[in-house]
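What follows is a single structure, written as structure tokens, with notes after it.
The values are calculated or read from the model by the stated rules, or taken from the named source; none is laboratory data. Note that the coordinates shown come from a computational prediction; the quantities given were computed from them, not determined experimentally. Virtual Cβ from ideal backbone geometry, glycine too; neighbours counted across all protein chains shown.
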Amino acid sequence: MYKYIAKRLMLMIPTLFGAAVLVFILLRMIPGDICEVRMAGSGMYFDQEAIDVCRENIGLNKPLPLQFIEFVGGYFTLDLGTSMWTEKPITHEIQLRFALSLQVAIMATIVAIAIAIPLGIISAVKQNTWIDYAVRVFSIAGIAMPSFWLGILIILGLLVYSQAWFGEPWMPPIVYVPPWEDPIGNLSQLIWPAVATGYRYSAVAARMTRSALLEVLREDYIRTARAKGLIEKVIINRHALKNAMLPVVTIIAIEFAFLIGGLVVTEQVFNLNGLGKLFVTSVGNQDYTMTQQLVMIVVLVFVLVNFAVDIFYAWLDPRIRYS
Amino acid sequence: MVTLSEAQVEAKFEQLAAKPTLSKRLWEFCRKQPLGAAGAAVVLVMIFMAVFADYITHFDPVKNDLANMLTAPDETYILGTDQFGRDAFTRIVYGARTALLVGFVSAFAGATIGLVLGVASAYFGGRFDLLFQRVMDVVMAFPLIILALAVVATLGTGVQNVIVAITIPFIARSARVVRSNALAIREIPYIDAARALGYSHTRIILRHMAPNVMAPYLIILTASLGQAILLEAALSYLGLGVQEPIPSWGLMLQGGAEEFAETAPWIAIWPGVAISLAVFGFNLFGDALRDILDPKLRAR
């Protein structure tokens with residue numbers, strides 16, 4: 001088992017390194033750079049000298065291999081560098097927004113699980129009845145609806161109904177308040193983005209629950225359980241569900257790793273100052289250092305989640321770790 | 001005993017092997033896969049809208065009409081107008097062109113390039129396969145939207161670049177699935193036979209292996225169609241996709257949807273309905289196709 005874990009850990013290194021190379025090259029292929037973006041933003045006329053000074057200060061005129069070594073070398077000294085745009089340490093910028101994004105992600109996961117698993121089970125147990133069709137339509141709709149549009153609809157609904165019921169339109173709190181300071185304010189701010197992100201997430205998980213359970217229900221041991229005369233509830237809960245949960249847990253974990261992608265759009269709609277929004281702004285500003293680190297965080301989370309899933313599988317199924 | 005002439009035997013065989021007529025097969029599909037048939041119907045309506053956009057509506061999708069800004073839905077403007085006075089229904093109809101163009105081209109290109117690469121990777125095996133797998137690992141580690149954002153940032157916005165941005169992540173996904181299927185095919189003796197006959201690698205990959213992974217290829221292709229449309233909408237919504245004045249559903253939501261949400265909610269509602277319906281249709285159809293082609297391939 002330890003050998004297997006070590007092997008899987010080693011496999012992470014080329015992926016992370018490849019991602020670092022890819023993002024480094026991609027960003028530098030973009031025409032223009034942060035100095036030009038700044039010039040354009042400040043409305044000054046195009047001054048080549050000022051741009052050169054700016055590049056000198058930021059370190060953009062260093063040779064590319066040196067820039068790359070600085071970027072990757074930072075991981076060995078645990079220094080993520082400073083943002084080119086705000087000139088503050090990147091760890092500080094991320095710290096400010098991390099809590100918010102993480103909270104939305106966790107809440108979205110809870111929403112997703114709470115919807116997906118019961119629906120998936122009902123749908124599988126009542127296969128090809130109207131309930132099954134309704135659940136399938138509901139979950140395919142979740143995959144089809146763009147989360148930003150769902151967000152817009154939620155805001156629209158909140159505006160209209162709060163106007164009708166309370167006489168004044170609902171205004172989302174603008175500044176993030178941590179849950180331990182103002183739990184109600186915090187929840188009222190974040191529950192809607194969590195629902196907008198979680199619906200799609202739940203749709204993916206519900207479909208997986210349904211198909212995994214259907215697969216298991218065809219197994220021989222389920223027939224045996226029925227032949228023994230067990231009641232259906234026990235068969236589903238004890239015999240089928242336990243074996244069907246493996247792919248469901250996997251998909252929930254992998255989708256969690258990809259949530260940051262969903263947050264990019266949702267945070268834009270709800271105007272939340274989280275990591276997703278930071279990503280869009282730093283791409284817009286051509287803030288290389290910031291974008292690199294954000295992409296690396298996303299990739300790292302993905303790789304770690306995959307690693308955890310693999311280890312979990314190997315732990316459950318000895319055949320995997322000896323193959 | 002009655003002896004049958006050769007022609008009679010032929011006729012008998014043909015009778016036994018008679019293929020059901022097209023209409024019969026369509027009916028069978030609708031009966032067995034009602035959701036799939038509904039999806040196919042939605043897709044057909046979309047294609048019809050895109051092709052005959054000029055005849056469906058007589059408004060100009062691009063020209064501003066400042067006298068009729070933000071008109072509520074009425075007899076002339078079925079779905080109202082936006083902040084530039086452009087008819088929303090017209091822009092949705094023309095937007096189907098953009099969505100279908102991006103959807104079909106990027107799904108088809110992504111799945112097909114992935115097919116060739118995936119089969120080649122399985123066929124050659126060894127070091128090439130290992131290296132290729134690591135590269136795919138890297139590409140797969142990026143969430144779709146983030147990779148597409150990075151590509152768009154590099155190439156710039158516009159329809160062609162959006163297509164490229166969406167195609168690249170699809171290549172990796174298709175190559176992955178196709179490779180795992182092709183690995184099994186590689187072990188079947190007829191591949192060895194083809195090699196023994198001295199066929200070139202290209203011929204074996206394209207003529208002998210690729211046709212045998214058509215089922216996963218088609219499944220990936222149809223699954224990508226809806227995703228491509230969603231991605232295009234998301235990119236355009238973020239302002240990094242299709243640019244004004246080209247009609248695009250995502251762009252329609254970006255323009256004034258939030259600003260005018262309270263006074264003119266129709267701007268925010270209808271383009272989203274169009275996106276959802278289109279993706280919904282493609283997904284339903286893709287699911288049905290998957291059930292028919294390969295009942296075992298139920299992952300996702």
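Please count how many residues of segment A:77-111 are among the aromatic types (Phe, Trp, Tyr) and modelled with pLDDT of 80 or more.
1
Residue pairs, Cβ under 8 Å, 6 or more apart or interchain, first in segment A:250-261 and of a type in the set (Asp, Glu), second in a helix (DSSP H, G or I). List them.
Cβ pairs passing all conditions: A:255/A:112; A:255/A:201; A:255/A:204; A:255/A:205.
Could you check segment A:224-323 for helices (runs of 4 or more DSSP H) lying wholly inside it with 1 or more residues that are within 11 Å of chain B (Cβ to nearest Cβ) and either under 26 Å from residue A:35 (Cβ atoms) or modelled with pLDDT under 85 (or both)?
Working: elements: A:241-257, A:259-270, A:275-284, A:288-316, A:318-322.
Hits in segment A:224-323: A:241-257, A:259-270, A:275-284, A:288-316.
Please go through (1) under 18 Å from the mean Cα position of the chain (by Cα); (2) within 18 Å of residue A:265 (Cα to Cα) for residue A:153 and return the number of the only condition it doesn't satisfy.
Just one mismatch for residue A:153, condition (1).
Just a yes or no: is a residue in segment A:133-141 among the charged types (D, E, K, R), within 14 Å of chain B (Cβ to nearest Cβ), in a helix (DSSP H, G or I) and crowded, with 18+ Cβ neighbours inside 10 Å?
The answer is yes, given that some residue of segment A:133-141 is among the charged types (D, E, K, R), within 14 Å of chain B (Cβ to nearest Cβ), in a helix (DSSP H, G or I) and crowded, with 18+ Cβ neighbours inside 10 Å.
Given B:134, B:179, B:203, which one is assigned to a helix (DSSP H, G or I), away from chain A (no Cβ under 14 Å) and surrounded by fewer than 16 Cβ atoms within 10 Å (Cβ to Cβ)?
Every option except B:203 fails the conditions.
Here's the yes/no breakdown for (1) surrounded by 21 or more Cβ atoms within 10 Å (Cβ to Cβ); (2) within 14 Å of chain A (Cβ to nearest Cβ):
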residue: B:99; (1), (2): yes, yes
residue: B:104; (1), (2): no, no
residue: B:114; (1), (2): yes, no
residue: B:142; (1), (2): yes, yes
residue: B:154; (1), (2): no, yes
residue: B:157; (1), (2): no, yes
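When segment A:72-92 is examined, which residues are found to be in contact (Cβ under 8 Å) with a residue 12 or more places away in the chain and either assigned by TED's automatic domain parsing to the domain that holds residue A:285 or hydrophobic (A, V, I, L, M, F, W, C) (or both)?
Of everything in segment A:72-92, those that are in contact (Cβ under 8 Å) with a residue 12 or more places away in the chain and either assigned by TED's automatic domain parsing to the domain that holds residue A:285 or hydrophobic (A, V, I, L, M, F, W, C) (or both) turn out to be A:72, A:80, A:84, A:85, A:90.
Given the conditions (1) of a type in the set (D, E, K, R); (2) modelled with pLDDT of 85 or more; (3) surrounded by fewer than 17 Cβ atoms within 10 Å (Cβ to Cβ), and given that residue B:294 satisfies all but one, which numbered condition is not satisfied?
Here residue B:294 meets the rest and fails (2).
Out of all the residues in segment A:83-102, is one or more exposed (fewer than 14 other Cβ atoms within 10 Å of the Cβ), outside any helix (DSSP H, G or I) and touching a helix residue (DSSP H, G or I) at 6+ places or on another chain (Cβ under 7 Å)?
no
Could you tell me which of the residues A:259, A:294, A:272 is crowded, with 21+ Cβ neighbours inside 10 Å, under 27 Å from residue A:188 (Cα atoms) and touching a Leu at 6+ places or on another chain (Cβ under 7 Å)?
Just a single option satisfies the conditions, and that option is A:272.
So which residues in segment A:279-314 are among the small types (Gly, Ala, Ser) and closer than 24 Å to residue A:88 by Cα, if there are any at all? Even if it seems obvious, please write down each step before you answer.
Applying the first criterion (among the small types (Gly, Ala, Ser)) to segment A:279-314 yields A:282, A:284, A:308, A:314.
Listed by number, the residues that qualify are A:282, A:284.
Quick one: which of A:202, A:162, A:147 is in the same structural domain as residue A:273 (by TED's automatic domain parsing), in contact with a Lys or Arg (Cβ under 7 Å, 6 or more places away or on another chain) and of a type outside the set (Asp, Glu)?
So the residue among A:202, A:162, A:147 that is in the same structural domain as residue A:273 (by TED's automatic domain parsing), in contact with a Lys or Arg (Cβ under 7 Å, 6 or more places away or on another chain) and of a type outside the set (Asp, Glu) is A:147.
In the list A:117, A:121, A:110, A:106, which residue meets the criterion of being within 30 Å of residue A:212 (Cβ to Cβ), loosely packed, with under 15 Cβ neighbours inside 10 Å and touching a residue at least 12 places away in the same chain (Cβ under 8 Å)?
Just one listed residue meets the conditions, A:110.
Which of (1) at pLDDT 75 or above; (2) in contact with a Leu (Cβ under 9 Å, 6 or more places away or on another chain); (3) exposed (fewer than 13 other Cβ atoms within 10 Å of the Cβ) does residue B:36 not meet, given it meets every other one?
(3)
Residues to consider are B:254, B:243; find the one that is within 11 Å of chain A (Cβ to nearest Cβ), modelled with pLDDT of 75 or more and under 20 Å from residue B:149 (Cα atoms).
B:254
Which of the following residues is part of a helix (DSSP H, G or I), under 30 Å from residue A:262 (Cα atoms) and not polar (S, T, N, Q): B:185, B:220?
Values: B:185 fails: under 30 Å from residue A:262 (Cα atoms).
Matching residue, one of B:185, B:220: B:220.
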